[in-house]
Amino acid sequence: MGKVAVLDYGMGNLHSVASALNKVAPEVEVVLAQTPQQAEGAERILVPGVGAIRDCMAGFVEAGFAPLLKDAIAADIPILGICVGMQIMMRYSEENNGVDCLGIFPQPVKFFGSDLPVVQDGERLKVPHMGWNTVQQTRKHPLWAGIADRSRFYFVHSYYVPAGDNTVLAGHTEYGVPLAAAVAQENIFATQFHPEKSADTGLQLLKNFVSWNGRA
């Protein structure tokens, strides 16, 4: 299983992710990489992310991780993105008055906005979307192995990737609008939810990641 590089660009839930990886695969070397050099030789790359997209993008680019990620994609190295780590792979985000992202995926990142529906108690759904929600798997994938369809995962986010007309969708959930819970393309799998905070189901996804060969 080798070495997993968790990219540290100042905006990640690094220690909880690293702890979860160590729990599911204690034989794996988990490195918190602050530079591309520290990620050299990694057989898998994990891109976490928590916070505002502008700061995340700035930190990611300044750390030199954009070309690292591009090279890893070309080399078929398995990549997992989590939360904002998924959003920075999109084309564009509405957050911070609009921020260009890495453009690995063509979808935008949108704000939930004030048009969320009214729920039974007469109040609108709250933003951020925070807590447990059901994920419907929309395609077979090795990272779903051992995870029942419509399992629950933990979310916390105010911006989302639309699920409609999404050619890379791997799982979706509903929070007033249908949103991408997971996307996948070749050797990349990325989740809007936090597997490291999603109890045994999330740990299973991380366990699947550290044994994944990067093929769908």
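The values are calculated or read from the model by the stated rules, or taken from the named source; none is laboratory data. None of the values given here were measured: they were computed from a predicted structure. Methodologically, a virtual Cβ is constructed for each residue, glycine included, from the backbone with ideal geometry; neighbour enumeration extends over all protein chains shown. Ligands, DNA and RNA are stripped out before the accessible areas are found, and what is left, the full protein with its side chains, is counted by its heavy atoms. Shrake-Rupley method; radii C 1.70, N 1.55, O 1.52, S 1.80 Å.
So the values come out like this:
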item	result
Probe 1.4 Å, protein heavy atoms only - accessible area per residue of segment 75-216 in square angstrom	44
Square roots of 5 times each gyration tensor eigenvalue, C-alpha, segment 14-168, largest first, Å	28, 21, 15
Helix 199-211 axis, angle to the chain major axis (alpha carbon atoms, nearest 10°)	40
Long-range HN-HN contacts of V109 with modeled amide H, under 5 Å	Y92, S93, E94
Longest segment of the chain lacking GluC sites (Glu not before Pro) that sit in a DSSP loop with at most 12 other Cβ atoms within 10 Å	124-216
Residue among V168, V119, V28 with the largest mean-square fluctuation in a Gaussian network model of the chain, springs linking Cα atoms under 10 Å	V119
Rounded tilt (10° steps) of 53-62 against the dominant C-alpha axis of the chain	10
Qualifying trypsin sites (Lys or Arg not before Pro) for segment 128-209 [loop in DSSP, other Cβ within 10 Å: at most 11]	K140, R150
Karplus 3J(HN,Hα) series, Hz, for segment 8-19 with 6.51 cos²θ - 1.76 cosθ + 1.60 (x for Gly, Pro)	9, 10, x, 9, x, 8, 5, 6, 5, 5, 4, 5
Table column - 3J(HN,Hα) (Hz), segment 142-157, Karplus curve with 6.51, -1.76, 1.60, x for Gly and Pro	x, 6, 8, 4, x, 10, 5, 4, 6, 5, 9, 10, 9, 10, 7, 6
Within the chain, helix-based [θ] at 222 nm, where runs of 4 or more DSSP H residues each add -39,500 (n - 2.57), nearest 500	-6500 deg cm²/dmol
With every protein chain in place, the chain: carbon and sulfur % of accessible area (1.4 Å)	49
Reach of K197 by Cα under 20 Å, taken over lysines that are not fewer than 8 positions away in the same chain	K23, K207
Whole-number percent relative contact order across segment 75-177, with pairs defined as alpha carbons under 8 Å at least 6 apart	25
Convex hull volume per residue for segment 1-61, taking Cα atoms only, in Å³	66
Relative contact order computed over segment 1-131 (Cα-Cα under 8 Å; 6+ residues apart), in percent	20
Largest-first principal axis extents of the Cα set of segment 129-185 (Å)	28, 24, 14
